[in-house]
Amino acid sequence: DQQVKQNSPSLSVQEGRISILNCDYTNSMFDYFLWYKKYPAEGPTFLISISSIKDKNEDGRFTVFLNKSAKHLSLHIVPSQPGDSAVYFCAANRDDKIIFGKGTRLHILP
Amino acid sequence: GAGVSQSPSNKVTEKGKDVELRCDPISGHTALYWYRQRLGQGLEFLIYFQGNSAPDKSGLPSDRFSAERTGESVSTLTIQRTQQEDSAVYLCASSLGVVVSGAFFGQGTRLTVV
């Protein structure tokens, strides 16, 4: 039972354009949603989070949007930069348990 | 240390042998998580510690897997009678327990069972 789903295994975006990474979830009881970024041979690093009571959180080039009625969240990166090429994991939290999606590999094209 | 440290970084073992993976969390972090990432897959939750107790062991794949944490610091994940399907990167993360600020991951232990 996959509670956090990232349906796009990969995404390619031109440098300077907007990258939009999508995530769907099934459990309406999640408290927080998080995005992590992972480079090869490294552990994931925390990017940004959003509380379930909010619909938007912005941090520099990164913005996360939450649509509770659709059980959908997205991460927007603008403008996209070469260093953004990585695997992005969507995650959801309840009772301190963090459940991850399978990840989306983002390629930023020159 | 400044970050989450895992050892060994790589481990190759023969099928049927036992292995022990170690995680040193960030000092003062009360929450500790173990995840596993198989090739081409996402992060699979294994177990979560709050202090020295494990309120959620639901992700452990079988009774060959066990984990403990002592002194609210170091944790060890033990896999007995390893199988080839246990081959994966095992990731440890720790947090202050306030999940909104995220959990910090170590670099992982790459386990290969031959």
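The numbers here are math on the coordinates, done by the rules we state, and not lab data. In this text, all values refer to a predicted model and were calculated from it rather than measured experimentally. Virtual Cβ from ideal backbone geometry, glycine too; neighbours counted across all protein chains shown.
Residues in segment B:31-58 that are more than 19 Å from residue B:108 (Cβ to Cβ) and either in contact (Cβ under 8 Å) with a residue 40 or more places away in the chain or in contact with a helix residue (DSSP H, G or I) (Cβ under 6 Å, 6 or more places away or on another chain) (or both): B:50 only. Of the strands (runs of 3 or more DSSP E) entirely within segment A:1-79, those holding at least 2 residues that are touching a residue at least 12 places away in the same chain (Cβ under 8 Å) and buried (at least 18 other Cβ atoms within 10 Å of the Cβ) occupy A:19-25, A:32-38, A:45-51, A:62-67, A:72-77.
For the criterion of being within 14 Å of chain A (Cβ to nearest Cβ) and farther than 30 Å from residue A:58 by Cα, residue B:23 passes. Looking across segment B:59-68 at every residue that is outside any strand (DSSP E or B), in contact (Cβ under 8 Å) with a residue 12 or more places away in the chain and not hydrophobic (A, V, I, L, M, F, W, C), the one that is nearest to residue B:18 (Cα to Cα) is identified as B:64. Condition test on residue A:69, is it out of contact with any helix residue (DSSP H, G or I) (no Cβ under 8 Å at 6 or more places or on another chain) and farther than 23 Å from residue B:96 by Cβ? So residue A:69 fits the description; yes.
Cβ-Cβ contacts under 9 Å between residues 6 or more apart (or on different chains), taken from a first residue in segment A:93-106 that is over 24 Å from residue B:96 (Cα atoms) and within 7 Å of chain B (Cβ to nearest Cβ) to a second residue that is basic (Lys, Arg) and surrounded by 18 or more Cβ atoms within 10 Å (Cβ to Cβ), are listed as A:103/A:38.
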